[in-house]
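As structure tokens, the structure follows; a few thoughts come after it.
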Amino acid sequence: MKSAPIFLNDLGVVCALGDGRAAVAAALFADVPGGLSDNATLLPGRTLALGEVHSPLPTLEALPVSLRGRNNALLDVALAQIAPAVADVISRYGAERVAVVLGTSTSGIGESEQALRTRAEHGHWPEGFDYAQQEMGTAAQFVRERSGALGPAWTLSTACSSSAKALMSAARMLRSGIVDAVIAGGADSLCRFTVAGFSALESVSAVRCNPFSQHRCGINIGEGAALFLLTREPGPVSLAGWGESADAHHMSAPDPQGLGAIDALQQALQRAGWAPSEVDYVNLHGTATGHNDAMESLAVAQVLGTDVPASSTKPLTGHTLGASGAIEAALCWILLAENPQQQLPPHWWDGVADPALPALPLVAPATFLPQLPRRVLSNSFAFGGSNAVLALERR
């Protein structure tokens, strides 16, 4: 018996491209690349292009200290955009039938960094600091508190696949009948810890990243949040399938043969019931690191061939780490549901293809289609070989 379809009924999003679906869509399909800005404070001595959110964020002063912080402020912005839809399902199903599943990798690490600097300078912790701010579970606890949902709530942290896996977990709960609605997605916020960590790996670019180019020079770190309301009720986009694998090849480098990524792609197609030829677009993980570009292009070419339009949106948002799976699913949701000009997300790069990689058809700016795409894949490949692929379908 075929499983009941799962729908992404509503979406709230904030990232370097903007605050809300309309602003994000306008920047996503713009004629010139936006999103990234220069930052000279997060990595002393270097100016980096980062995917920073510049719109005002709530202070959360009315909440307990443990729930305050930039990560949760980003979640609050996204949650406010879907608040009416969340209130509706709570009123119809009951709060205990609405769950929360989120992904993050930073949580409140930024707040702990600031507190440690204060302690180093003044010999005491700052007033209004609580170490619980940096706990990973704080994200789901915060959204549960703010939304009024009383169903199961947890946070996943599997690096860059975290929030893609949160959507999969939400779908499993809905298919099992445990709940009737799930608020799912993720958030990550910029902090010195992640920027310095990737810099230590010699993976950070000072300028806009250049995925799949012979001249690639590393990633841009970003921040943001995306939250979906998932139910079994028909909506504009369905989570038609997903695939996940753990190849455990290396702590930070992907399997060069792409075996785990290939497995996740094939699983997503199988669950969705799609042939490779039925995929209209692929949102690539596309980090602009040599290892990822080589592995991902090989995996996509082996599973889908070299005719499916593809792009990396990280030159626009930065790599939002634990939030990237949800934010890039949000861009795909916009592509499928709120895209009257029928454009594809462009792949911003210098156009100098790496001759060592399979030649994927990377989307040029201002690419308009005769009709809206119907079926898309979104890739998220994380440290430790944690691979996740979402299959999204316009209904």
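The values are calculated or read from the model by the stated rules, or taken from the named source; none is laboratory data. Computed from a predicted structure; not experimentally measured. Every residue, glycine among them, receives a Cβ derived from its backbone with ideal geometry; neighbour counts consider all protein chains shown. These area figures cover heavy atoms from the full protein model, side chains too; ligands, DNA and RNA do not enter into them. Shrake-Rupley method; radii C 1.70, N 1.55, O 1.52, S 1.80 Å.
With charges only on Cβ, +1 for K and R and -1 for D and E, what is the dipole size of region 308-395 about its Cα centre, in debye, rounded to 20?
280
Which value, in Å³ per residue, describes the convex hull spanned by the Cα atoms of region 61-121?
106
If you take the alpha carbon radius of gyration of region 1-108 and divide it by 2.2 N^0.38 Å, what ratio comes out, to two decimals?
Numbers: Rg = 17.5 Å, N = 108, 2.2 N^0.38 = 13.0 Å.
Taking N as the residue count of region 1-108, the ratio is 1.34.
Determine the gain in length on full extension of the stretch Q114-F193; use 0.36 nm per residue of separation and subtract their C-alpha separation, reporting nm with one decimal. Present the calculation step by step, with values, prior to reporting the outcome.
Values: separation 79, 0.36 × 79 = 28.44 nm, distance 1.12 nm.
In short, 27.3 nm is gained.
Would you please put 345-357, 101-113 in order of how densely packed they are, using the mean number of other Cβ atoms within 10 angstrom per residue and starting with the highest?
Highest mean packing first, the order is 101-113, 345-357.
Considering Cα pairs under 8 angstrom that are at least six residues apart, work out the relative contact order of the chain and quote it in whole percent.
Once divided by the residue count of the chain, the mean separation gives 23 percent.
Scan region 293-395 for GluC sites (Glu not before Pro) in coil per DSSP, keeping those whose Cβ has at most 12 other Cβ atoms within 10 Å, and list them by number.
Sparse-neighbourhood loop GluC sites (Glu not before Pro): none present.
Return the calculated 222 nm mean residue ellipticity for the chain, to the nearest 500 deg cm²/dmol, obtained by summing -39500 (n - 2.57) across DSSP H runs with n ≥ 4 and dividing by the residue count. Don't jump to the answer; show the numbers that get you there.
On the way: 10 runs with 127 residues, N = 395.
About -10000 deg cm²/dmol.
Can you send over the carbon and sulfur percentage of the accessible area for the chain, probe radius 1.4 Å, protein chains only?
Accessible surface attributable to carbon and sulfur in the chain totals 54 percent.
Would you mind pulling out the separation of the Cα centroids of region 259-282 and region 130-174, in Å?
After rounding, the separation between the Cα centres reads 26 Å.
Give me the Debye-computed log₁₀ of I(q)/I(0) at q = 0.10, 0.15, 0.19 Å⁻¹ for region 316-395, equal point scatterers on Cα only, no solvent, two decimals.
Debye output, listed in q order: -0.29, -0.66, -1.02.
Report, in cubic angstrom per residue, the convex hull volume of the C-alpha atoms of region 181-236.
Taking the convex hull of the Cα positions in region 181-236, it is 131 Å³ per residue.
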